[in-house]
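Peer 1: Let me begin by handing over the structure; questions about it come next.
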Amino acid sequence: MKTIYKYLSAALLMVCATSASAQSLNSAYFTNDYKFRHTMNPAFGNEQNYVSVPVLGNFGVDVRGNFGVEDMIMDNPLYGQPGEKRLTTFMNPNISASSALDGFSTGNNRLIEDMNITLLSAGFKSFGGYNTIELNVKQSLGLSLPYEFFEFAKNTGNQTYDIGDINLGAQAYAELAFGHSRQLNEKLRVGAKVKLLFGIARADVALKDMKADLASDDKWTISGKAEANMSLKGLTYKTETKEYNNPNKGTYERVNDVDVDGGGLGGFGMAFDLGAVYKLNDDWTFSAALLDLGFISWSNDMMAASSGEPFEFDGFRDVAINRDNGGHKLSDITDDLGDQFTEFSNLEDKGDQGGRTTGIGATLNLAAEYTLPVYRQVKFGLLSSTRIRGPYSWTEGRLSANYEPLKWINGGVNFAVNSFAASMGWVLNIHPKGYNFFIGMDHILGSLSKEGIPLNSNASVQLGMSVTW
C-alpha cells in the first residue's frame, strides 16, 4: 500500500507539478483562433485548420491548492551543527508549532491537479461546421487533509486529536474524442464532443472520523474507519502479519504494499462535452459549456479496509532532507512518508469486489464577452469555471482583457479568484497561415525550489505549436 501513498506524499511535495500537462488554459478562453479553445467549449471553432505537433502541441504544468512545498519543507534551525541537514519538514521538533502550522488552512487543505497530455489533435472545416479529433491521456489527483491532521503530524502537545476525514483520489485514462460545432443561425452556435474513454487506473482512499489518543510517551491509539478502492488491471495487495490492539483477538494481515502483474486497460466508458455560444449583438457574446460529463466502468475493485478496531501507531516522524551533498533523494523521502501513511491507515485486504463505475469529474464554464464599440481590437471577458468532483471540487472567476493588434497575433491579461487563491494570468497566441504557437499562464509562477518545483501550489504555464492551413 505504500506505493499508493507515494502519490500522497509526492503530492505533498508538489512533485506532480513538475511533469503535468495542463487540462486547459482558461486565460485563452476569449482568445480568437487559439487552437485548443474547443477544449473549454466545444461550440468554438477556429479560423484555420490545424494538426498539432505530436505530444508538443499542448504542453505545460497546472496545479491548484491552498498549501504547497513552502509549507511542508523548511530551513532547519540547527543547520550547521554536526549531523544536521539544511532542509527539514514541518514535523521537525526544533521548529515551533506556530511556525510549522502557519501555512495550513484551519479548514480543509487541498491540492488539486488535472493533467492532460495531448498526443495528437486536429481540427478542420467540413460537414457544415468545424470538426476536431483528439487523442489524449488524462490524469487527475485530488488531496484533502484537515488542519487537525497536520496538528497531529506535528504533535503540538495534545493528548487527543480529533483528526476528521482524509481523502485521496487519483485516476488515469486515455480519451479518443470527436467534436463538431456549427452555426445554427446568425446568433447561435452549438457544439458537442463524444469521448471514448479507456481506463488505466483509479484509486480512492477515504479515512473517516479518525482520532488519535495518547497511549504512552511514544505510542498513539488510532480509531476510525479507512477504506481504499483500487481499480488497476493485475493489481493485488501485499500484506504483513500484525497483532490487534486487543491481544485476545489475535493477529490480522495488514496491507503494506501493492503488486501489479501485467497491467493493461482496466475499464471502458464514455463522456460528452456540450456547448453553446450566443452572439446577442456586435458588442455582447455569451457562452456556456458542460465538459467531461461521463463515467468509466472498471472491471475490478480491489478493496482494502480497516477493521474499525483501535490500533497502535508510533506517530509521524520528520524526514531529513540534504540536497547539499546528495543526501536523501526525493524518492527516498516519498518512500518514507508512504510507509508512515501505510501504518496510519492500517488496511486489511478485502479482495476483488467485482468492479465499479465512477465519474471522471465534470466542469461547467459560463462566460460573457464584451467588445469595445470604439476600438474592436479590444474586448473584455468574464469566465466562471466550476470543477465538480466531490471533495476535490473548486470554483473560479476570471476577468480578462484581450487585444488583437493584427489578424495573426493576439493575447491578453487577466485576474482570477478561485477556491484557493487570487492569481494573475496572460496568454500570447501567434497564428499566421501555416503555423501556430501559443504560450500562457493561468497563474504566474512564483519562487521555485532548486529542483525547479514551484514552492506555491498554484502554478501554471502552458505552451504548444501546430501546423495550420
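Values in this text are rule-based calculations from the coordinates and carry no lab data. Computed from a prediction, not measured in an experiment: that's the story for all the values here. Note that each Cβ is placed from the backbone with ideal geometry, even for glycine, and that neighbours are counted across all protein chains shown.
Peer 1: Can you list which of the trypsin sites (Lys or Arg not before Pro) found in the range 172-207 are DSSP loop residues with at most 14 other C-beta atoms within 10 Å? Mind dumping the intermediate values first?
Peer 2: Numbers: sites: ARG182, LYS187, ARG189, LYS193, LYS195, ARG202; in loops: LYS187.
Of the trypsin sites (Lys or Arg not before Pro), the ones in loops of the range 172-207 whose Cβ has at most 14 other Cβ atoms within 10 Å are LYS187.
Peer 1: If you find the alpha carbon centre of the range 276-299 and of the range 179-212, how far apart are they in angstrom?
Peer 2: Here the two parts' Cα centres lie 11 Å apart.
Peer 1: Further question: Does the range 136-280 come out rounded, prolate or oblate by the C-alpha gyration tensor, with a ≥ b ≥ c the root eigenvalues, rounded set by a/c under 1.5 and, if not, prolate when a/b is larger than b/c and oblate if not?
Peer 2: Details: a/c = 4.74, a/b = 1.99, b/c = 2.38.
Oblate.
Peer 1: Among ASN76, LEU25, ALA97, which residue has its Cα furthest toward the positive end of the charge dipole of the range 11-167, with +1 on Lys/Arg Cβ and -1 on Asp/Glu Cβ?
Peer 2: Most positive-ward Cα: LEU25.
Peer 1: Under 5 Å between amide hydrogens, which residues at least 5 positions from GLY57 or on another chain qualify, with H placed 1.01 Å from N in the peptide plane?
Peer 2: MET465
Peer 1: Next up: Using the Karplus curve 6.51 cos²θ - 1.76 cosθ + 1.60 with θ = phi - 60°, work out ³J(HN,Hα) for each residue of the range 256-264 in order, rounded to whole Hz, and write x for Gly and Pro.
Peer 2: 10, 5, 10, 10, 10, 10, x, x, x
Peer 1: Each residue of the range 175-185 in turn: what ³J(HN,Hα) in whole Hz from Karplus with 6.51, -1.76, 1.60 and θ = phi - 60°, glycine and Pro shown as x?
Peer 2: Values per residue, Gly and Pro as x: 9, 10, 10, 10, x, 8, 10, 8, 7, 7, 7 Hz.
Peer 1: With Cα extents along the principal axes in Å as the read-out, I listed (i) 77, 52, 37; (ii) 74, 72, 44; (iii) 65, 55, 39; which label goes with the value calculated from this structure?
Peer 2: Only one listed value fits the structure, namely (i).
Peer 1: What is the range 213-317's relative contact order, in percent, from Cα pairs under 8 angstrom and six or more apart in sequence?
Peer 2: Details: 180 pairs, mean separation 40.9, N = 105.
Computed value for the range 213-317: 39 percent relative contact order.
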